[in-house]
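One structure is given below, encoded as structure tokens.
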Amino acid sequence: MTQKTLTYADLQITPADIYEQMGYHGTLPDQATQAETSAVVDEVRGWLRPQFCFLVSRDLPDFDMGQIILRQLRGSEAYAFFICTSGVEYEAYQQQLMKQGDMVRVFIADALGSVIAEHCADRMEEHLQESIDKLGWHHTNRFSPGYCGWHVSQQQLLFPLFGGQTCGVQLTDSSLMLPIKSVSGIIGIGEKVRKLDYTCGLCDFDKCYKRKKKA
């Protein structure tokens, strides 16, 4: 098991990343929105502590992931199971904004939280790759329950693999992760696998964040 706590600076988030998540594809929001976004970032920068954890196993549990993901994992010699989260502090911050009724900052914080979780997962991938470089191995894309035909209820099979060490992330009965701004899933690793462009043409989930980014 590998677990790591990051800082905001570690995430390497740019304003463009946040604006993209907010829906400003290739454009900038107005000056007032830019100023509010900067203010939110300044508020969280000092105390944000996102975390990731992953474990590696030669065995693939009896997941019902569907053919899209299974094809992408083909040739893997082992599998990395991961959880990444913006942290319970960020969840509390979002709830505080909701209570204050500041809907502009609620919107910005929601977008920022998604970016935090995804960039945390990016750093996790980098750390994973460093750990397998000595074997001459590579890794596939990461795949999460809820995407590409892998039902979100399969979280209930994924989380027990961590033996309770889930970076503070918990599952509800409906398989929702808390904190909400969290990411979990699987990555294939091995000598013959590769990370590819996300093949959106094979997937019919039109709300996928990768599809939005690609668009």
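The values are calculated or read from the model by the stated rules, or taken from the named source; none is laboratory data. These figures come from a predicted structure and were not determined experimentally. Reconstructed Cβ throughout: ideal geometry from the backbone, glycine too, with neighbour counts over all protein chains shown. Surface accessibility is based on the protein's heavy atoms, side chains included, excluding ligands, DNA and RNA. Shrake-Rupley method; radii C 1.70, N 1.55, O 1.52, S 1.80 Å.
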Can you confirm whether the stretch 77-87 contains a residue that is under 19 Å from VAL169 (Cβ atoms) and of a type in the set (S, T, N, Q)? yes
Does GLN72 satisfy the criteria of being under 26 Å from THR140 (Cβ atoms) and either over 21 Å from the mean Cα position of the chain (by Cα) or buried (at least 20 other Cβ atoms within 10 Å of the Cβ) (or both)? yes
Would you mind stating whether PHE143 is more than 22 Å from GLU191 (Cα to Cα), surrounded by 18 or more Cβ atoms within 10 Å (Cβ to Cβ) and among the hydrophobic types (A, V, I, L, M, F, W, C)? no
Restricting attention to the stretch 164-180, report how many residues are touching a strand residue (DSSP E or B) at 6+ places or on another chain (Cβ under 9 Å) and either under 20 Å from LYS4 (Cα atoms) or modelled with pLDDT under 95 (or both). 9
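Only one residue in VAL152, VAL183 is aliphatic (A, V, I, L, M), open to solvent by less than 70 Å² (accessible area, probe 1.4 Å) and closer than 15 Å to GLN3 by Cα, so which one is that? Spell out the reasoning first.
Numbers: VAL152 fails: closer than 15 Å to GLN3 by Cα.
On inspection, the qualifying residue turns out to be VAL183.
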Taking only pairs six or more apart or across chains, which ones have beta-carbon atoms under 8 Å, a first residue in the stretch 110-122 that is closer than 22 Å to HIS139 by Cβ, and a second residue that is among the hydroxyl-bearing types (Ser, Thr, Tyr) and not in a helix (DSSP H, G or I)? ILE116/SER86; ALA117/THR85; ALA117/SER86; ALA117/SER182; CYS120/THR85; CYS120/SER86
What helices (runs of 4 or more DSSP H) lie completely within the stretch 52-155 and have 3 or more residues being within 17 Å of VAL183 (Cβ to Cβ)? 88-100, 103-132
Could you say whether any residue in the stretch 112-135 is open to solvent by 60 Å² or more (accessible area, probe 1.4 Å) and in contact with a helix residue (DSSP H, G or I) (Cβ under 8 Å, 6 or more places away or on another chain)? no
In the stretch 1-43, anything touching a Pro at 6+ places or on another chain (Cβ under 7 Å) and either without any contact (Cβ under 8 Å) to a residue 40 or more places away in the chain or surrounded by fewer than 11 Cβ atoms within 10 Å (Cβ to Cβ) (or both) is listed as TYR19
